Every structure is written in structure tokens, then in C-alpha cells.
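One structure is given here, and the rest of the page talks about it.
The values are calculated or read from the model by the stated rules, or taken from the named source; none is laboratory data. If you're wondering where the values come from, they're calculated on a predicted model, not measured in any experiment. Methodologically, a virtual Cβ is constructed for each residue, glycine included, from the backbone with ideal geometry; neighbour enumeration extends over all protein chains shown.
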Amino acid sequence: MGIIKASQLVYEYIRRDEEGNVEGITTAVDHVDLDIAQGQFIAILGHNGSGKSTLAKHMNAILYPSDGTIWVDGKDTTEEKYLWDIRQTAGMVFQNPDNQIIGQIVEEDVGFGPENMGIPTKEIWERVEESLKAVGMYEYRKYSPNKLSGGQKQRVSIAGVIAMHPKCIVLDEPTAMLDPSGRKEVIRAVRALNDVEKVTAILITHYMEEIIHADKVFVMDKGHIAMEGTPREIFSQVDQLKALRLDVPQVTLLAHDLKLSGVPLPDGILTTEELVQALQGVK
């Protein structure tokens, strides 16, 4: 069993009227199976309303299944005795960093989680230093979060989770509110955590270009896993991605169109560099 495993996971949103009567039921996650190994970089992709964020909230026991089971590090999330362990194992980063940052100074904010865990003061400051360095924000440790850009704030949020030494970090659309520069900063920090610190990273996103370095990609639609595979395998299926209302990166789309017009190119081109190299090899 991997660090996170789901079996036939179902989650239903129940709408009730003022008297508590059920008005309707929406199935946001519909019989999902997945198994994520420790140390992987996983991307979960889907358009708005596909169920990806609802699935993410099960990985930190914010939501509990309506049916089926999800295990975090072998622990069933519905068993209350494991709740603290689960939330220490799988740290969560949300869309809006302003909702996660509570300290007046960056280093105080990052130390808040370890302090609540009862970590000794000396170790707290060691964790704060290592976490801020891991996301490239150590030089800003004395700054007020209000003085930071959106991308910098999100990196501080990630550092706050890292300081609690989770085995896994779940990022629920962490770049949705950022400009392109801020998005690159955050994705670079996540990749470094996964590559260097070996933290399992689960990135929930609808930006296709953010997934090209993932080990595996799950594409969700209407609560189901519609596609899964490596980024190259996913990007090779341009027509299916379009049918799922996902924005295929321009370079992948261009390569796809060139191939349809008769240019002998490989499937699943991910970057401009790959396309240039492939075109140079065309005779």
C-alpha cells in the first residue's frame, strides 16, 4: 500500500432546505481508485467541478468518504484515533495563501505549526530555517507577509507545512490566484521538495503546463478518473484532453497539428525544446 490509497471512494454533497429535508445530492467523487507511492510527484488534473479538490480534501481528512475508503500511510481516515497522525503525515496547502498565513513575521508563521505540535524551541528554529531555505525564502524570514508577492506568500505557506515534517504534501490549486511568475516560483519550490527532500508531492491543478515533471498524472472528470499515465502518455491524447475541456499547452497543440499535416513528429511533446529538437531531426 502506498502513502495514499483510495478504494471505490465516493463523496456526495447533500443539499438540504431550511427544514433539513434533502433537496438534492451531487456526487463529487465517484468510485475513485488510486495508489500513490511514497516519494512520487503526482498531478491531479481537471477542469472546475471535476472533483479534484474534493478528492484532495480526503487526503488530509478534511472530508470523510460517503462510501469507500481512503488510507493515509495505512490509516483509515474515518477512524478518529488516527486523525492527528493523518494530518501530520499529509500536509495541505490551499489556493489562497492569505488564508494560511497568520504570523506577523515570516519566521514566526512558519514556526507556528511545530510549536503547536509541542516541538522544543531549539528544534522549531532549526525547522524554520531548513523549511524557508527549502523554498528559497530564508532571506525574507524577518519580513512581514504583507510585504510579499503572491508567489512568495504561497512559498511561505508551503514552508509552514514542511516545518511539520510531513511525509506528503497536498497542494490544492496553489497557483490559481498567482500571476505566471508566481506560478513558476511555486512549482519550482514543489519540484525541489520532491527531488531533494523526497517529500511525496500531490499537485491539484487545471494548468496543463504545471504537470510536465510529474511521475504520474490522473485526469478527473465528473468525479471519475478519466485518464491516468505519465505526462507524455497524457499529452499524447490531445483530442481526449480537448473533449475533457482542458487547455492543451500551445507547444503540444502545435506539434499535434504539425503531425496531422504530415510532419513526422513523436506523440506527447511537452516542451518547446523538445519540439525544436524533433523538427531538427526531420528530413
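Can you pull out the residues in the range 166-190 that are over 15 Å from GLY151 (Cα atoms) and within 11 Å of the chain's Cα centre (by Cα)? Within the range 166-190, CYS168, ILE169, VAL170 qualify.
Residues considered: GLY229, GLY223. Of these, the only one that is buried (at least 20 other Cβ atoms within 10 Å of the Cβ) and on the phi > 0 side of the Ramachandran plot is GLY223. Can you tell me which residue within the range 114-162, out of those that are small (Gly, Ala, Ser) and surrounded by fewer than 16 Cβ atoms within 10 Å (Cβ to Cβ), is nearest to ALA201 (Cα to Cα)? Here the answer is GLY136.
As an exercise: evaluate THR27 against (1) surrounded by 23 or more Cβ atoms within 10 Å (Cβ to Cβ); (2) under 15 Å from MET220 (Cα atoms) and give the number of the one condition it does not meet. Result: THR27 fails condition (1) only.
LEU254 falls short on exactly one of the conditions (1) within 21 Å of ILE42 (Cβ to Cβ); (2) at pLDDT 90 or above, and that condition is (1).
So that you can scan it fast, the table gives a plain yes or no per residue for (1) in a helix (DSSP H, G or I); (2) in contact with a Pro (Cβ under 9 Å, 6 or more places away or on another chain); (3) on the phi < 0 side of the Ramachandran plot:
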site: TYR143; (1), (2), (3): no, no, yes
site: LYS153; (1), (2), (3): yes, yes, yes
site: PRO174; (1), (2), (3): no, yes, yes
site: LEU193; (1), (2), (3): yes, no, yes
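Given the structure, is ILE204 crowded, with 23+ Cβ neighbours inside 10 Å and farther than 20 Å from HIS256 by Cα? Judged against the criteria, ILE204 is a match. A single entry from LYS57, LYS52 fulfils the requirement of being among the basic types (Lys, Arg), buried (at least 21 other Cβ atoms within 10 Å of the Cβ) and within 30 Å of ASP247 (Cα to Cα): LYS52. Kindly provide the set of residues from the range 45-61 that are within 15 Å of the chain's Cα centre (by Cα) and in a loop (DSSP other than H, G, I, E, B), ordered by number. Of everything in the range 45-61, those that are within 15 Å of the chain's Cα centre (by Cα) and in a loop (DSSP other than H, G, I, E, B) turn out to be GLY46, HIS47, ASN48, SER50, GLY51, MET59, ASN60.
Residues that are closer than 20 Å to ILE204 by Cβ and among the aliphatic types (A, V, I, L, M) within the range 48-99 comprise LEU55, ALA56, MET59, ALA61, ILE62, LEU63, ILE70, VAL72, ILE86, ALA90, MET92, VAL93, listed in sequence order.
Among the residues of the range 76-120, the ones that are aliphatic (A, V, I, L, M), in a helix (DSSP H, G or I) and touching a strand residue (DSSP E or B) at 6+ places or on another chain (Cβ under 6 Å) come to 1 in all.
Just to verify a result, which residue in the range 250-283, among those that are touching a Ser or Thr at 6+ places or on another chain (Cβ under 7 Å) and among the β-branched types (Val, Ile, Thr), is farthest from GLN237 (Cα to Cα)? Step by step, filter the range 250-283, then rank; the result is VAL251.
Looking only at the range 1-24, which residues are over 20 Å from VAL219 (Cα atoms) and touching a helix residue (DSSP H, G or I) at 6+ places or on another chain (Cβ under 9 Å)? The one that is over 20 Å from VAL219 (Cα atoms) and touching a helix residue (DSSP H, G or I) at 6+ places or on another chain (Cβ under 9 Å): TYR13. When every residue of the range 219-229 is checked against the conditions, at least one turns out to be among the charged types (D, E, K, R) and under 19 Å from ASN48 (Cβ atoms). Scanning the range 258-283 for residues that are surrounded by 15 or more Cβ atoms within 10 Å (Cβ to Cβ) and over 30 Å from the mean Cα position of the chain (by Cα) yields LEU258, LYS259, LEU265, ALA278. For the range 233-257, the tally of residues that are within 24 Å of GLN277 (Cα to Cα) and surrounded by 14 or more Cβ atoms within 10 Å (Cβ to Cβ) stands at 14. The criterion of at least 2 residues that are in contact with a His (Cβ under 9 Å, 6 or more places away or on another chain) and without any contact (Cβ under 8 Å) to a residue 24 or more places away in the chain is met, among helices (runs of 4 or more DSSP H) falling completely within the range 203-274, by 238-243.
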